[in-house]
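Inspection log for the structure reproduced underneath, given as C-alpha cells.
The values are calculated or read from the model by the stated rules, or taken from the named source; none is laboratory data. As the structure is a prediction and not an experimental result, all values here were calculated from the model. Reconstructed Cβ throughout: ideal geometry from the backbone, glycine too, with neighbour counts over all protein chains shown. With ligands, DNA and RNA removed, areas are computed over all heavy atoms of the protein, side chains included. Shrake-Rupley method; radii C 1.70, N 1.55, O 1.52, S 1.80 Å.
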Amino acid sequence: MIKRNSKEFPEGFLWGGAVTATQTEGNWDVDGKGVCPPDLYAYQEGKTQNDLMSTEEIKAAIEDKVNYYPRRHAIDFYNTYPQDIALLRELGIKCFRTSINWARIFPNGDEELPNEEGLTFYDNLIDELIKNDIEPLITISHFEMPINLSMKYKGWYSREVIDFYLRYCEVLFKRYKGKVKYWVPFDEMNLIHRESFSQFGMPSDLVENSLENKLRGLHHKMIASCAATKLAHDIDENNKIAAMILTQYAYPKTSSPDDVLAALHNDQFENYYLDVLVRGKYPKTMFRFMEEQGFDIGYRLEDEIIFENGKADFIGISYYGNRTVSTESIHLENPAVDNPNIAKNDWNWLTDPVGLRYTLNKIYDQYQIPIFLMELGTGVHDKVENGKIHDRERIEFFEENLKQLKLAISDGVPIMGCLTWGPIDIVSNSSAEMSKRYGFIYVDIDDYGKGTGKRLKKDSFDWFQNIIKTNGKRIEN
Ligand code: BG6
C-alpha cells in the first residue's frame, strides 16, 4: 500500500495575521517608552527609508518638529486594540503575531528593572487575544532596539548587548509563561543586505557599514537568538521557538553552470542563518568565505556550545518572492537580477506564487522540521468607492498563493499555519507610507497621518473569512 499525503490544510492549521509594534501602536513616547529606530524615519514621498544613520542624524530626528514620522503614530493600535481584535476575531483568525517593543519594556535597554507600564500594555493585549480565542505569537525583536544601546554600545556590534537582550527575554518568558507559547527571537535574521542601522542598531559614524561589521553584528544576534531559545526552553518546556528568515532563494538566470553555481552560492548563504539556528552549526562554506575575505567577526569557540544548545523548534518564514541571480550579480552585496517571468506589484515587489511552493519544499528537504509561513501578502493601492473597497487584486494574490501553499502540503511539507502580512492596514516598513496597504481591514489614515482612523471591511474580508471558516477547502489543488 502507498501511504498518501493529505491534500487538505491540516486540522488546527493556524490561519492568522502578522504585524509589528511600531507599524501599528503609535504612542511612541507614552508610558515611559524609549526611542527605537522605526521612530526615526520621516515620511518622504516616493522614497524608501535610509537604513544608515549617524548619531547626529539620530539626535536631529528625535528633536525634529517639522517632518511627519508615521510610526510614531501609526494606526493607534495602542488604544484601539480591543476593537481591532474584535474585528480580527470576526474575520476568524486563529493566531496573531505582533512584536513586543523592546523600548517599551527597557526604555534605555541597559536598566536593571523593566518598565511596568510598558509590560501592562502587553499584559492587556495578550489577555485580549486569549479572551478572543486567538493564539498570540510574539516577535521579541522586530527592529525595535532601544536607541541608547545604539548610541552607547554601538548596537549589535557589541557583545555586551547580548546580555541586555537576554535580560529582556527573561522578563517576557517569565511574565507570559502559560500564555504565550510561540516566540520569534528576531524577525528576518537574514536581512543583512540592506538593513544596517535598523537591523543592527549600528550608527554609521561609530561602525563602518561594511559586510564584515554586519556579519559581526549578525554573529552576536545569532548567539543571542540561540541563548534565548535555551532560556525559553528552560523556563517553560512547552515554549516553541522559531528560527525566522525572509526567504530569498535563487533561480539561476540561465542554465549556464556558472549561473547555476551563483544560485547555489546564494542559497548556501541564505541557509547560513538556518544552519546556525536550526542545526546549531556554522556551515563550512561560511568559514571558507570569511577566510577568503580576511574577516574577523568575533567568533569564539565557546559560541559553538551556545549554538548547539539553542536549536529552534520550527522555522518561520516571510515570503515576498525569490531572487534571480547570475554571474553578473555580486555575491552577497547585491544579488538580484531581473526575471521577466515574474510579475511585480506597484512597488516592484515580486509576485511569485510557484516560488512559494518551491521555497517550502526546499527548506523542508534541507531541515526536516515544521515550517510556519509567518508573512504572506502584497502591497495594493486601495480605492474607497462609496464606502466600499473592491480589492480583487488582493483576493487573486491570495488565491494563487494559497493554492501553492496547499500543493506544498500535498508534497508532504508540514506547515503549521499561514499569517497574512498586515491583516489590518499598517504603516509600511520600507517606505513609511500608509498607501501601501496589505489589509482585509482598511484604516482611514493617509501618508501624513490625516484621516478619521475609521476601520472598513474590504471585499477581501468576506473572502478570507470564508477561507478560514472552511479551512481552505475551496482553494483548488
Ligand atoms: C517584512 C518586514 O520584511 O516586510 C515587515 O518584516 C514589513 O516589517 C514587510 O512591513 C512588508 O514590507 P513593507 O515595506 O511593504 O511594509
Which residue pairs have Cβ atoms closer than 7 Å, lie 6 or more positions apart in sequence or on different chains, and pair a first residue in the range 82-97 that is touching a residue at least 12 places away in the same chain (Cβ under 8 Å) with a second residue that is part of a helix (DSSP H, G or I) and acidic (Asp, Glu)? Pro82/Glu128; Ile85/Glu128
Conditions (1) touching a residue at least 40 places away in the same chain (Cβ under 8 Å); (2) within 16 Å of the ligand (Cβ to nearest atom); number of the one not met by Asp352: (1)
By residue number, the members of the range 63-96 that are open to solvent by 20 Å² or more (accessible area, probe 1.4 Å) and β-branched (Val, Ile, Thr) are Val66, Thr80
Can you tell me which residues in the range 425-473 are touching a helix residue (DSSP H, G or I) at 6+ places or on another chain (Cβ under 6 Å) and within 13 Å of the ligand (Cβ to nearest atom)? Ile426, Val427, Ala432
Of all residues in the range 402-426, how many are touching a Gly at 6+ places or on another chain (Cβ under 9 Å) and open to solvent by less than 10 Å² (accessible area, probe 1.4 Å)? 12
Which of the residues belonging to the range 357-384 are under 20 Å from the mean Cα position of the chain (by Cα) and within 15 Å of the ligand (Cβ to nearest atom)? Thr359, Phe372, Leu373, Met374, Glu375, Leu376, Gly377, Thr378, Gly379, Val380
Mind telling me which of the residues Glu393, Glu399 ends up being closer than 20 Å to Pro353 by Cβ, charged (D, E, K, R) and more than 16 Å from the ligand (Cβ to nearest atom)? Glu399
For the range 377-401 the number of residues that are surrounded by fewer than 17 Cβ atoms within 10 Å (Cβ to Cβ) and in a strand (DSSP E or B) is 2
Return a yes/no flag: does the range 160-168 have any residue that is outside any loop (DSSP other than H, G, I, E, B), crowded, with 20+ Cβ neighbours inside 10 Å, aromatic (Phe, Trp, Tyr) and at pLDDT below 95. no
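Hey, among the residues in the range 112-129 that are out of contact with any strand residue (DSSP E or B) (no Cβ under 8 Å at 6 or more places or on another chain) and surrounded by 16 or more Cβ atoms within 10 Å (Cβ to Cβ), which one's nearest to Ile424 (Cα to Cα)? Lay out the reasoning, then the answer.
Residues of the range 112-129 out of contact with any strand residue (DSSP E or B) (no Cβ under 8 Å at 6 or more places or on another chain): 112-124, 127-128.
Retained after the next criterion (residues that are surrounded by 16 or more Cβ atoms within 10 Å (Cβ to Cβ)): 114-115, 118-119, 121-122, 128.
On the way: Pro114: 30, Asn115: 28, Gly118: 23, Leu119: 24, Phe121: 20, Tyr122: 19, Glu128: 17 Å.
Filtering the range 112-129 for residues that are out of contact with any strand residue (DSSP E or B) (no Cβ under 8 Å at 6 or more places or on another chain) and surrounded by 16 or more Cβ atoms within 10 Å (Cβ to Cβ), the one nearest to Ile424 (Cα to Cα) comes out as Glu128.
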Within the range 196-213, is even one residue surrounded by fewer than 19 Cβ atoms within 10 Å (Cβ to Cβ) and under 18 Å from the mean Cα position of the chain (by Cα)? no
